[in-house]
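Each remark here refers to the structure printed beneath this line.
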C-alpha cells in the first residue's frame, strides 16, 4: 500500500469502517511510514478533541413539551417526582380508607356481638322474671324490711346485694330469693309499683356502665354494671317509671 | 393501527430520538430557535408519514426527515459548490509544538466554531459520525450520498478542522507567550 492509498482510507480506518483485509494492509504500511503514522495520530487527537468539547446539543424542554402537545401526547412519564408523589398519596389514601373500613367493620362486629350478648341476657332475665311469678315462688324471704332481707342472703350468695326499701318513693320492697342468670347464682330482689312486680337480679361482674334499656316480649329491662356488680331490672312497668326506679337503685 | 396505537409506537420508535433530531437541526441551522422550529416540523412530518414507516430504526428515518427539511427550506438551498477554504495559512512547518499536542489542547469553543465554519454538506456527516456515532451507510442514507462521498467528505472536514485548530492553537499559544513576556518585564 502506498501513501496516497493509505490517506484515502485513513478516515475509514479511524472510524472502524474498513474490512479486515484493508485494515491489515493499512497497518502494514503504517509500520514503515512515520508520516502516515503521524497523520493517524493527529486524526485520533482530533476525534478526542471533538469528544472532549461536549458538542452535542440536547433538546430543550420547551421543544419536548410543544412536540408532545402538538401530537396530543400526555406529559412525559419521566416527570417522576410528581407522579411518584401522586401514587404515594393515592396509596396512602387507599391504605387509610382500608384501615377505616376495617375499623368500622371491627367496631360494628364487636358492637353487634355485645348487643347480641345483652339481648340474650335480657331474654334470660325476662325468663327468670316470668318464672318467678308463674311458680308462685316470687320470694324466699317475704319482707319489706331491708334489715331482714339483706342478712338472709348471707351464706347463700358470695356477695352482699344492694337493696333498700323505696316505699316512700312508691317502690316498696317485697322480699328476696335465690335465682340463676346465665348459670350464675344471682340475688333476686323484688319490689312493687302499684300492682306491678319488679325483679332485680344482682350478681358479680366486672366493668362499669350506664343504664341500658331493652324490650323483651312486652317487658322492660334495664341493665348496668357498677362496683363489680351486674344489675338487671325486669318489669311490666312502663319505661319511664322503671327508669325512675333504676335511678333510685343506682344512687 | 388505531390512533392510540400509532401514538404509542411513534413515542417508542421515533420520539425518543428527540435529542438526536435537535442536535442535527442545531448543527445544521447553527441557531437555537431555528433548530427548535426545524426539529418540531420534522416530528410533525414524521408523525404524518409514520404509517408508511417500515423497520425499527426510527433514528435514521427521523434524521433523514430533518436533513430533507433543512435543504428544502428556502434559505438553505443545497450548495452545489462544496468547495471551501482548505488552504488555511498556518505556521505548521515552523511550529515547535507537535500538532498532536495542539489538537488535544484545543478549546471547546474553538472546536465548535471551526465545525460551524464548515459547509453543511461537510458539517452533517461529521456531526452524524462523531456525535451520533452512525455508520457510513447510515450517514449516506441520511445525507443522500454514496458511501465514498461520506468518506471523502469526512476526510476533508477533518483536514479542515485540523488546520484550523492548529492555527488557532498557535495563535493562543503566541498570545500567552506575549502576555508572559509583558508580565516578565
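Inter-chain Cβ neighbour count for B:101-110, averaged per residue, equals 4 (cutoff 10 Å, partner chain atoms only). With contacts taken as Cα pairs under 8 Å at a separation of at least 6 residues, the range A:25-174 carries a relative contact order of 9 percent. Its residues counted as N, the range A:90-186 yields a C-alpha radius of gyration over 2.2 N^0.38 Å of 1.77. Which one of A:26, A:231, A:95 has the biggest mean-square fluctuation once chain A is modelled by GNM with Cα springs under 10 Å? Per the Cα network of chain A with a 10 Å cutoff, A:26 tops the list.
Averaged over the residues of peptide B:27-35, the number of Cβ atoms from other protein chains lying within 10 Å of each residue's Cβ is 1. On the beta carbon distance between residue A:28 and residue B:9, with R0 = 45 Å, the FRET formula returns roughly 0.40. For chain A, the longest principal axis of the Cα atoms and the long axis of helix A:3-14 meet at an angle of about 0 degrees.
What whole-number volume per residue, in cubic angstrom, does the convex hull of the C-alpha atoms of the range A:109-251 give? Taking only Cα atoms, the range A:109-251 has a hull volume of 107 Å³ per residue. As a size descriptor, the averaged projected area of the C-alpha convex hull of the protein assembly as shown was calculated at 48.3 nm².
Sorting B:33, A:127, B:159 on the 10 Å Cβ count, fewest up front, what's the list?
Neighbour counts put them in this order, fewest first: B:33, A:127, B:159.
Between residue B:109 and residue A:217, the simple spin-label model (points 7 angstrom out along Cα→Cβ) gives 10.6 nm. Legend: mean number of C-beta atoms from other chains within 10 angstrom of residue C-beta atoms, peptide B:145-157, equals 3. When peptides B:113-126, B:133-146 are sorted by average Cβ neighbour count within 10 Å, with the highest value leading, the order is B:113-126, B:133-146.
Compute the Cα gyration tensor for the range A:199-251, then decide on rounded, prolate or oblate, letting a ≥ b ≥ c be the square roots of its eigenvalues: rounded whenever a/c is under 1.5, prolate when a/b is larger than b/c in the other cases, and oblate in all that remain. Cα axes put the range A:199-251 in the prolate bin. Label positions at residue A:110 and residue A:51, each projected 7 Å from the Cα along the C-beta direction, are separated by 6.9 nm.
Let's test the formula: R0 of 25 Å, r as the Cβ-Cβ distance of residue A:117 and residue A:137. What FRET efficiency results, to the nearest 0.05?
Here the calculated transfer efficiency is 0.35.
Compactness ratio for chain A: Cα radius of gyration over 2.2 N^0.38 Å (N = residue count) comes to 2.71. Taking the average, over residues, of other Cβ atoms within 10 Å as the packing measure, peptides B:40-46, A:150-156, A:97-103 rank B:40-46, A:150-156, A:97-103 from highest down. Between the Cα long axis of helix A:34-52 and the first principal axis of chain A there is an angle of about 30°, rounded to the nearest 10. In plain terms, the residue of B:70, A:114 with the fewest other Cβ atoms within 10 Å comes first and the most crowded comes last, giving A:114, B:70.
If you take the beta carbon distance between residue B:19 and residue B:147 as r and set R0 to 22 Å, what does 1/(1 + (r/R0)^6) give as a FRET efficiency, to the nearest 0.05? The partial results should precede the final answer.
Working: r = 26 Å, r/R0 = 1.19.
Result of the calculation: an efficiency of 0.25.
Label reach from residue A:226 (point 7 Å along Cα→C-beta): in the range A:148-173, amide nitrogens under 13 Å belong to A:162-164. Between helix A:80-134 and chain A there is an angle of about 20 degrees, using the helix long axis and the longest principal axis of the Cα atoms. Label positions at residue A:41 and residue A:247, each projected 7 Å from the Cα along the C-beta direction, are separated by 11.3 nm.
Here, each number is a calculation from the coordinates, and none is a lab measurement. Here the structure is a predicted model, which is why all the values come from computation and not from measurement. Note: ideal-geometry Cβ built from the backbone for every residue, glycine included; neighbour counts use all protein chains shown.
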